[in-house]
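The values are calculated or read from the model by the stated rules, or taken from the named source; none is laboratory data. Since this is a predicted model, take the numbers as computed values, not measurements. Glycine also receives a Cβ, built like all others from the backbone with ideal geometry; neighbour counts cover every protein chain displayed. The area values use the complete protein model at the heavy-atom level, side chains included, leaving out ligands, DNA and RNA. Shrake-Rupley method; radii C 1.70, N 1.55, O 1.52, S 1.80 Å.
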Amino acid sequence: MSEAKSWTGNVYQVLDGDSIRVKNGKNRVEVRLYGIDAPEYNQPYGIAAKKYVKASILGKKVTVTPMDKDRYGRTVAWVQNDEESVNAGLVRNGYAWVYGKYCVDKVNCNNLKKLERKARRAGKGLWQSKESIPPWQWKRR
C-alpha cells in the first residue's frame, strides 16, 4: 500500500458490507472495499457484514488507500481503522470472500487469502454453511 496516495476522513455512511461513504474535508467519497466481496442484502450474512462495518468504522476516522476506480466511479481502496484493515477484518470474521478476480495486490491479497482459509476452517460467519455462494455468482441466479 502506498502511503503517498493515502488520505484520512470520517465514515459518515455504511451502504453495505463492502461500500461506505467517507468525508474528506469538503469532499464526500464513495469507497468500495478493495479485494473483497461481501454478501448481498438478500443473501445470508449480508446484514451481518453491514453491521460489522458499522460497528468498526461508522462515525470514525479512517485511512483510505486508493487502489483503483470502479466502473461506477467509486474509489476502490484499502480502509484502515485504528486496529486493522476493515477489508481484512471482514474476511477474518467470515463476512466476505476474497474477490480473486480483482484482488491483484500480491502481498495484501495473499494475506487476505490466508485469513479466508482460517475463517473457513474455523467455520466463521458465512463459512458455517458448506454451500455459501459468492456474491458474484449469487447475482447471476
Given the condition at pLDDT below 95 and in a helix (DSSP H, G or I), answer yes or no: does some residue in segment 5-22 qualify? yes
Among the residues of segment 29-43, are any part of a loop (DSSP other than H, G, I, E, B) and more than 23 Å from PRO134 (Cα to Cα)? no
Scanning segment 8-35 residue by residue, the ones that are under 12 Å from VAL79 (Cα atoms) and open to solvent by less than 50 Å² (accessible area, probe 1.4 Å) total 11
Hits in segment 59-82 - residues which are modelled with pLDDT of 95 or more and farther than 13 Å from VAL31 by Cβ: GLY59, LYS60, LYS61
Based on this model, can you work out whether ILE57 counts as open to solvent by less than 30 Å² (accessible area, probe 1.4 Å) and under 19 Å from VAL98 (Cα atoms)? no
Boolean, GLU40 is touching a helix residue (DSSP H, G or I) at 6+ places or on another chain (Cβ under 6 Å), open to solvent by 50 Å² or more (accessible area, probe 1.4 Å) and on the phi < 0 side of the Ramachandran plot: yes
LEU115 versus (1) in contact (Cβ under 8 Å) with a residue 40 or more places away in the chain; (2) under 14 Å from the mean Cα position of the chain (by Cα): which is the lone unmet condition? (1)
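For segment 116-128, state whether one or more residues are open to solvent by 100 Å² or more (accessible area, probe 1.4 Å) and assigned to a loop (DSSP other than H, G, I, E, B). Show your work before the answer.
Here is the first cut: in segment 116-128, the ones open to solvent by 100 Å² or more (accessible area, probe 1.4 Å) are 117-118, 120-121, 128.
Still in the running and assigned to a loop (DSSP other than H, G, I, E, B): none.
Checked against the condition, which is being open to solvent by 100 Å² or more (accessible area, probe 1.4 Å) and assigned to a loop (DSSP other than H, G, I, E, B), segment 116-128 yields no hits at all.
Results for (1) surrounded by 20 or more Cβ atoms within 10 Å (Cβ to Cβ); (2) touching a residue at least 40 places away in the same chain (Cβ under 8 Å), shown as yes or no for each residue.
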{"residue": "ILE47", "(1), (2)": "no, no"}
{"residue": "LYS51", "(1), (2)": "no, no"}
{"residue": "THR63", "(1), (2)": "no, yes"}
{"residue": "ARG71", "(1), (2)": "no, no"}
{"residue": "ASN87", "(1), (2)": "yes, yes"}
{"residue": "LEU90", "(1), (2)": "yes, yes"}
{"residue": "TRP97", "(1), (2)": "yes, yes"}
{"residue": "GLY100", "(1), (2)": "no, no"}
{"residue": "ASN108", "(1), (2)": "no, yes"}
Count of segment 69-112 residues which are among the charged types (D, E, K, R), in contact with a strand residue (DSSP E or B) (Cβ under 7 Å, 6 or more places away or on another chain) and under 18 Å from GLY9 (Cβ atoms): 2
